[in-house]
Every structure is written in structure tokens, then in C-alpha cells.
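In what follows, a single structure is set out as C-alpha cells and then discussed.
The values are calculated or read from the model by the stated rules, or taken from the named source; none is laboratory data. On a predicted model such as this, the values are computed, not experimentally measured, just so you know. Every residue, glycine among them, receives a Cβ derived from its backbone with ideal geometry; neighbour counts consider all protein chains shown. In case anyone asks, the SASA skips ligands and DNA or RNA and just uses the protein heavy atoms, side chains included. Shrake-Rupley method; radii C 1.70, N 1.55, O 1.52, S 1.80 Å.
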Amino acid sequence: MVATHLDTESIHEHVILRRGVRSGLPIVVAVHSTALGQAIGGCRLAHYPHWRDGLTDALRLSAAMSDKCALAGLPNGGGKTVIALPPGRTLDAATRRAVLHDAGDVIAGLDGTYATGPDVGTGPDDMVTIAERTPHAFCRPVQAGGSGDSSEHTAVGVLAALHALCAERFGSADLSTRSFAVLGLGRVGGHVLRILADAGATLVAADTDESRRTLADTAGAAWASPQDCLTADVDVLVPAALGGLLTSHTVPTLRCAAIAGPANNQLDTPATADLLHQHGILWAPDIIVSAGGIIHATAVELHRETFAQATARVHGIADTLTDILRTARAAGSTPAAAAHSRARHQIEHGRP
Ligand code: NAD
């Protein structure tokens, strides 16, 4: 067992590093905080140069989950599971099952202080496998008793955020008069593009997967290369692919007025929030914008709320974002700073 910390305000409650007894693969389960309730956070199965990089990722992602849950008003804290695959290692079905059982055993040992769900590299079916070892796995497929793929709910949350962002930045929540560049047309980005098209917005879209172009054509979106989409002259950039796209190199090339999208960890470093601010680009923190899926899944599965109650909570992302953007404007700070400060305050005072 390894106890570690990133800095004084984000000392984790509990971090487990274990070599899976069945798979031999390194598994990290990081519980950042249970101050607001059971810690939650997905199970990431990804390649890392070294398992220590997987540990670092788990620490960072679980701390971000604490902020995400607090800002989403959830009675939950942040956690994360990382299964760190060595570079180039592929898993056959038996080994995948073995490592998911190994992860399930670690989670079972936490006695319900942490529950996991899908993340990069895992999906609802993998939660069924983990659930063979622990009940603390959510987002299993609907036919297996879970709430299933959460990407549509994430997209609904992104739309709520886009309404709030446009109201704050352009003085109107009307999307039909605005232009958007949607970068990444996967499970979430595809939904977002369709909803924006229905709202009558002007659209540019890109994906590294050329097969997604059909989706763009159907939505009436202009197809662009990922680079041209990133730097498109639009009102709002919607990052819906991978994180880390906003850097000291890319920010000066942007021509959008505002940014809000589901991609996790959009900033390469926290300082990039200041750079965006200096360039007059309003950035909606991804931990607020991307919370629709987790809000819906936890409301339905962990807190036994109705579908309607869960959906209302997802739409609440608009109010949360509006509040953070106004607080930041009044204080002359970045939305990132305002969001982090709000989350810390809520966690310290033990109320979501
Ligand atoms: P996905 O894998 O279904 O879609 C990602 C898409 O991005 C794919 O179509 C891929 O081809 C494309 N892509 C990859 N690299 C690209 C690049 N450089 N330029 C353009 N396109 C690129 O993933 P998703 O579930 O839609 O999630 C999208 C983002 O939102 C991820 O960052 C994810 O972590 C985050 N997120 C997703 C959810 C959810 O409910 N699925 C919830 C919260 C956050």
C-alpha cells in the first residue's frame, strides 16, 4: 500500500497500488476524498510508459473527481482506478477478465468507500465483470441492471453548459445565431453535433476518423481537419476528443470567443487558464461541462432517484456554470480558479 500526496490541499485519503494476483498487472485505486460521501470515479485501462505514470494519473484524476462531484452537487467524493498497461501490451479476453477481477477485488476491499464506473479503455460490459467481485461498479448495461452508456447524458449536460456560456459571453442563450466548432465526433461529440444542428446552429466539425464525416454531412456541418477545426473562426470551440489540447502553443492560434466541451483535462497545465483569460477567451471548466454522465448515473444507480430527477440535475449544469462564470467575472479571476475555490469550500465544509 502506498500513501502519497500531490500538495497539502490534495492529500489523498487512501491510495492502493497492487500487482494483480491473476493478471500480474499494476492496479492503482486512489480515493481522494470521502468528505461529501462515497468516492466515485471511473476505471481507466490505458498504456503508460511506467506504472508510476499510472499512479500519477490516478492521483491527478481522483483529485479532479472530488472537484467535479462537489461542483455537480453530488453527495460523493473523488476516486479513480487505473490499470497501467506496459507500452505495446495488448490483452486477450482471458487476461482482460483477470485484470478486471483483480481491480474488483481491490475495490471490494475498500468496503464501499469507493465505487467505480467506465472510463477511457473500459465500458459498461467491463463493469459487469468488475461487479462479479464487488457490488460497487455502476454504469453496467441496462439489461444487466445498470444505467448503461452515459454519453447521451454527458451530451445533454454539454448543451446546458453551452446555453449558459452563450448567455454570459454573447448576452443570449439562443444557439441558432451562433457558430460552433465541434472537435471529435465520438459518442459524446456526435450527440452534441446533432443537438446543435437541431437548434439551428452554424457548425464546423472534425474527427481523425474519416468515417465520422457522414455524421457531419447529415448535420449540415462543414468538415475540417482537426487542426483547422481547433483554430476555426467561430463563436465557440467544443473540445470533444482528447484532453491536453489547450496549451501555451495552441491558445495564441485560437480564433474562438469561448470554449466549452466534454473532453477531460483540456488544459495542459493550470496556468493555461490564465493564458486563455489574457486572450479574452472564456473557458468553461471541463469538470463542470462534462459532468452530465456521472450526475445521471450516480443519481439513478447510487442514489435511487427517478429518471426525471436525474435529468433535472443534469440540466442544473447550466445554473452551476452561470454561477461560476459570474463569480469569476465579479472577482476578475478565471472560471477555473472560481470553480476550484468553490469546490474546495464545499468539500471543506462537508456539503455538496
Ligand atoms: P469517444 O472515444 O467515443 O470519441 C472520441 C472521438 O474523438 C473519436 O471519434 C476519435 O476518433 C476522435 N478523436 C481522437 N483524437 C482526435 C483528434 N486529435 N482530433 C479530432 N478527433 C479526435 O469518446 P467520448 O466518450 O465521446 O468522449 C469524448 C471526450 O469526453 C473524452 O475526453 C472523454 O474523456 C470525455 N468524457 C466523456 C464522457 C462520456 O460520458 N462518454 C463523460 C465525461 C467526459
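A compact table of results
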quantity	calculated
Candidates Ala232, Ala241 - the one that is within 14 Å of the ligand (Cβ to nearest atom), assigned to a loop (DSSP other than H, G, I, E, B) and touching a Leu at 6+ places or on another chain (Cβ under 7 Å)	Ala241
Test set (1) under 21 Å from the mean Cα position of the chain (by Cα); (2) of a type outside the set (D, E, K, R); (3) open to solvent by 10 Å² or more (accessible area, probe 1.4 Å); (4) at pLDDT below 95 - Ala299 fails condition number	(3)
Checklist (1) within 13 Å of the ligand (Cβ to nearest atom); (2) of a type outside the set (S, T, N, Q); (3) surrounded by fewer than 24 Cβ atoms within 10 Å (Cβ to Cβ); (4) part of a helix (DSSP H, G or I) applied to Gly148, failing item	(4)
Long-range neighbours under 9 Å by Cβ, at least six apart or interchain, first residue under 20 Å from Asp174 (Cα atoms) and of a type in the set (Lys, Arg) within region 190-210, second assigned to a helix (DSSP H, G or I) and modelled with pLDDT of 95 or more	Arg194/Ala155; Arg194/Leu215; Arg194/Thr218
Among the candidates Leu254, Leu267, residue that is within 13 Å of the chain's Cα centre (by Cα) and more than 10 Å from the ligand (Cβ to nearest atom)	Leu267
Any hit, region 65-87, residues being of a type in the set (A, V, I, L, M, F, W, C), more than 15 Å from the chain's Cα centre (by Cα) and assigned to a helix (DSSP H, G or I)	no
Top-ranked residue of region 152-173 - restricted to ones that are surrounded by 19 or more Cβ atoms within 10 Å (Cβ to Cβ) and among the small types (Gly, Ala, Ser), ranked as nearest to Ala260 (Cα to Cα)	Ala161
Of all residues in region 174-208 being in a helix (DSSP H, G or I) and open to solvent by 10 Å² or more (accessible area, probe 1.4 Å), the one that is nearest to Gly220 (Cα to Cα)	Ala197
Residue check, Ala224 small (Gly, Ala, Ser), open to solvent by less than 40 Å² (accessible area, probe 1.4 Å) and within 14 Å of the ligand (Cβ to nearest atom)	yes
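The rows are residues; the columns are (1) under 20 Å from the mean Cα position of the chain (by Cα); (2) under 22 Å from Ile295 (Cα atoms); (3) within 15 Å of the ligand (Cβ to nearest atom).
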residue: Gly157; (1), (2), (3): yes, yes, yes
residue: Ala161; (1), (2), (3): yes, yes, yes
residue: Arg178; (1), (2), (3): no, no, no
residue: Val188; (1), (2), (3): yes, yes, yes
residue: Val192; (1), (2), (3): yes, yes, yes
residue: Ala201; (1), (2), (3): no, no, no
residue: Val204; (1), (2), (3): no, no, yes
